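A quick write-up on the structure given underneath.
Bear in mind these aren't lab numbers, they're just calculated from the coordinates by the rules spelled out. Since this is a predicted model, take the numbers as computed values, not measurements. Ideal geometry is used to build each Cβ from the backbone, glycine not excepted, and the neighbour counts take in all protein chains shown.
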């Protein structure tokens, strides 16, 4: 399956390749197809690009020099972090030069007084998390790909993940960014300040722009107090509507200490147990739906809020069964079940993916309506919804019918998308909650976005990247 | 004192005034100088503008029609909310037409399931707070002017206030905005979604732009769970360095439940007690510095964290004396002392104001160095620092010498600014933490901001407002 048809582009001249190579050094300019292959495909095999040249710059100055040259010569550039994006934003579909940011992996500074950490774009998310933990702080961004995705990619796609309920999305974790513009100018917005009202907010225009307006080369990240007590529960219940009641009850009791609230369908759990490595079922009984919830308390002497929540949930017939993790290993086992959920869909054949959000209250209706629409379109197809109920963000993925043909199923990708997106839009939702637009949803964007907003997006793109060299064909 | 010299501009033709009047109706187009006066001066008497016409539109469509006409006819517009801004951003210095947003005061929707409230720009902040409280929610933005400032103004200036420590600045409380552009196009970015990664973040460009890129006409605001228990303490201590220790101790113990942490100098407290209405000294003893701190807990059955913090503070010789509010009236009395602080400077003569931020850890050094610099420049002048220590944001105001001449003192405004700003910039700080640029700091901006950032700001302004009609002469 290749969801985007790659185009052919004129080959780069040997002279130009030599110029690019001169910027980063021979060792860091890859031209051998075998060396390039890992940068042009991605894990799920949905996108296959092609590229004559992968550059691995080691500094902001090298990134700036690459952009300057590319801008003069009108060469398309595709910035790439951990290559874990889910919408094809990091893939060179049209033979662009890839700028892999992975070598820029220095943590430039950790400031325990200001509670900030300045990372280069190529720092792996998990490394950033670990560095924060070493100084008794929390960097809360957390997602399945955290072992390989990078801070630059997290910010460029405005990643969400499992802690957004309490800490917000990636955008809310960055105090400042350093950006290289298309023409090679370096925009230094790095700042440790929590309050700074000197002029327009430029930072947020580059965060979430998926590399189409500039390349984020570094960021000053907020660090948070490390929670003193973390409690997690795995809960069985009847329906998304019951899960919503449990969410409301939990928010009333735990407020800002409710850090995760993940809704999991029985099918998603089943796939994860069947195909995930070392995944076990935390509950003995089977339920139609599950919730994985986590509370993070600043105090370790407070009475267990989680127990109180679950007791009330039982009394009110919301919770059918529940287990509280008694130790770290058990808590990690709950998360393992959740984290394997995406990968576990692959062995079940073709999967049509959606990353949608609707107002939190509308999630049960959305799932019911989407299930009906999908069943009508492709009888026997298996919806595998799961996601961040607290944010109204559901990964509404649909696996192919058990004995169906994978290619036939995947050919109906856009048809299924349309049916699902129609419901999302009717409910005032978003067709891309946390993964971005990339190429996967580019063609839908003009239909779903405010007309004036699209006009402004195009105007910003034209202004900041007049020759269209920054991640061409993505987003717009 | 008039800190900005107003210019004269050609009078509007009677024909054009009639056209503008036609948009809003006779009743809402003010041309009588007596009616206009309240819109051209401000409370502290620092800024005096002049205007031939104040328009009071009642809808987004009327705002759009006004902008279209002004854009065609090249007429400068100054949007105004509660007219409480502190940097002259809302004042028509050059005879512009004022658009007062106060009539657009409808709360369009309250959604208790999504925890959002959609307000028009003219809704008074306190009204929004009260509406949230009525449905058992919190809208946390809180500042001295909350009884008269508006949501539109709060967002246009990205207001901070006393709860930013826990809840962030105004920017972080808005999920979406509706904006009228210079040419009258309406940009609808209203959204209840917590996660939406469909394209560039346009919202944040308008928030904090002080009306120079467009006019915010409505916003979807986040509501938060209402705290179940609020504890406040008024603390006497020796120095800003000791206050910083108390802050660190408090954050360790209370984490996200520490909602306010205000540092108050003895002079600021003295002025407030001397000139404020119904202000009493909460402590019997005198101290060199004070802290007003507040904790907001989601639970009412937890042991008092505040007591634990103050006990540790006493044991560690950080706290000299402290009193915990025993009831709501006492807590309000603490805040009254704090809220009167700005107004209480006026009876003490001329006051040169700064709204700076530095990394939190640098605040004690900043105050010491600024005190020395100011004493050297104007012997006998009285620094009155106070502000949001938890955000590194200090209102470093300086009152004139006791028997000095007010005009002579105020004539040295920019000289004193420069001395203070030099220290701020050396420390990696901001010369406008929460009040904005307006006209007051416009001329300093190019010197203190990243060169590429200024270039981009100018480019955005030129793109969005090619004829320069939106709050001309402000920010840039």
Quiz prompt | Acute angle (nearest 10 degrees) that the helix A:125-134 long axis makes with the longest principal axis of chain A, alpha-carbon atoms | solution = 70
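How would the stretch A:335-463 be classified by its alpha-carbon gyration tensor: rounded, prolate or oblate, with rounded meaning a/c under 1.5 and the a/b versus b/c comparison settling the rest? Don't skip to the end; give the middle numbers.
Working: a/c = 1.71, a/b = 1.52, b/c = 1.13.
Prolate is the answer for the stretch A:335-463, as a/c is 1.5 or above and a/b outweighs b/c.
From other protein chains only, count the Cβ atoms within 10 Å of every residue's Cβ in A:115-123, then give the mean.
Working: counts 4, 2, 0, 0, 0, 0, 0, 0, 0.
Counting Cβ atoms of other protein chains within 10 Å of each residue's Cβ and averaging gives 1.
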Quiz item: From the label point of residue B:312, set 7 Å along Cα to the beta carbon, how far off in nm is each other copy's matching point, shortest first?
Solution: 2.8
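Using only the Cα atoms of the stretch B:1-130, build the gyration tensor, take square roots of its eigenvalues as a ≥ b ≥ c, and label the shape rounded, prolate or oblate: rounded if a/c is under 1.5, else prolate if a/b is larger than b/c, else oblate.
Numbers: a/c = 2.38, a/b = 1.37, b/c = 1.74.
Because a/c hits 1.5 or more and a/b fails to exceed b/c, the stretch B:1-130 counts as oblate.
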Quiz item: Per 10 Å bin from zero, what fraction in whole % of the C-alpha pairs of the stretch B:79-126 is there, up to the bin with the longest pair?
Solution: 24, 40, 23, 10, 2
Exercise. For a footprinting-style exposure proxy, rank A:284, B:253 by other Cβ within 10 Å, fewest first.
Key: A:284, B:253
Self-check item: Position residue B:74, label points 7 Å along Cα→Cβ, spacing to each other copy in nm (shortest first, one decimal)
Solution: 3.6
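May I ask you to give the average projected area over all directions of the convex hull of the Cα atoms of chain B, in nm² rounded to one decimal? Please list the in-between numbers first.
On the way: hull surface 90.6 nm².
Reported value for the Cα convex hull: 22.6 nm².
What average count of beta carbons from other chains do you get within 10 Å of the Cβ of residues in B:424-434?
For this peptide, the per-residue mean of nearby foreign Cβ atoms is 3.
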Exercise. Using just the alpha carbons, could you tell me how many Å³ per residue the convex hull of the stretch B:359-400 encloses?
Key: 51
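Sorting A:391, B:405 on the 10 Å Cβ count, fewest up front, what's the list?
Ordered by Cβ neighbours within 10 Å, fewest first: B:405, A:391.
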Quiz item: What ranking, highest mean first, results for peptides A:51-63, B:427-439 when packing means the other Cβ atoms within 10 Å averaged over each residue?
Solution: B:427-439, A:51-63
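If you average over every viewing direction, what projected area does the convex hull of the Cα atoms of the stretch B:189-316 give, in nm²? Don't jump to the answer; show the numbers that get you there.
Values: hull surface 49.4 nm².
If I average the Cα hull's projected area over directions, I get 12.4 nm².
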Quiz prompt | Full-stretch length increase - residue A:408, residue A:28 - with 0.36 nm per residue and alpha-carbon distance subtracted | solution = 132.7 nm
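Please arrange A:212, A:305 by counting, for each residue, the other beta carbons lying within 10 Å of its beta carbon, fewest first. Intermediate results must be reported in sequence, preceding the final value.
Numbers: A:212 27, A:305 22.
Exposure proxy ranking, most exposed first: A:305, A:212.
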Quiz item: For a label point 7 angstrom out from the Cα of residue B:315 toward its Cβ, which stretches of the stretch A:300-332 have the backbone nitrogen within less than 19 Å?
Solution: A:300-302
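For every helix of n ≥ 4 consecutive DSSP H residues, a contribution of -39,500 (n - 2.57) applies; sum these over chain A, divide by its total residues, and give [θ] at 222 nm rounded to the nearest 500 deg cm²/dmol. Walk me through the intermediate numbers first.
On the way: 16 runs with 157 residues, N = 476.
Using -39500 (n - 2.57) per qualifying helix, the result is -9500 deg cm²/dmol.
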Exercise. Note the angle between two axes, namely the Cα long axis of helix A:266-275 and the longest principal axis of the Cα atoms of chain A, as a number of degrees from 0 to 90, rounded to the nearest 10.
Key: 60
Quiz item: What's the angle, to the nearest 10 degrees (0 to 90), between helix A:60-73's Cα axis and the longest principal axis of chain A?
Solution: 60
Quiz prompt | For B:350-363, mean number of other protein chain Cβ atoms within 10 Å | solution = 3
Quiz prompt | P(r), alpha carbons of the stretch B:150-236 - 10 Å bins starting at zero, rounded % | solution = 16, 44, 26, 10, 4, 0
Quiz item: Share of Cα-Cα pairs in the stretch A:306-350 beyond 12 Å, in percent?
Solution: 70
Quiz item: For the stretch A:247-360, what percent of Cα pairs sit more than 19 Å apart?
Solution: 52
Quiz item: Which distances in nm, rounded to one decimal and ordered from shortest, link the label point of residue A:329 to the equivalent label points in the other identical copies, with labels set 7 Å from Cα toward Cβ?
Solution: 5.9
Practice problem: Take every Cα-Cα distance within the protein assembly as shown, group them into 10 Å bins from 0 onward, and report for each bin the whole-number percent of pairs it holds. | Solution: 2, 11, 20, 24, 21, 13, 6, 1, 0, 0
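With the cut-off at 1.5 for a/c, could you classify the stretch A:266-330 from its C-alpha gyration tensor as rounded, prolate or oblate?
Numbers: a/c = 2.83, a/b = 1.42, b/c = 1.99.
The shape class here is oblate.
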Quiz prompt | Debye log10 I(q)/I(0) for the stretch B:299-384, one point scatterer per Cα, at q = 0.22 Å⁻¹ | solution = -1.18
Quiz item: Counting only Cβ atoms, what residue of chain A lies nearest to the axis that sends chain A onto chain B, and how many whole Å off?
Solution: A:204, 2
Quiz item: Extension gain residue B:304-residue B:451, at 0.36 nm per residue separation less the Cα-Cα distance, in nm?
Solution: 48.0 nm
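Divide the volume of the convex hull of the Cα atoms of the stretch A:62-178 by its number of residues and quote the answer in cubic angstrom per residue.
106
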Practice problem: Describe numerically, in nm with one decimal, the distance between label points set 7 Å from Cα along Cα→Cβ at residue A:108 and at residue B:112. | Solution: 4.8
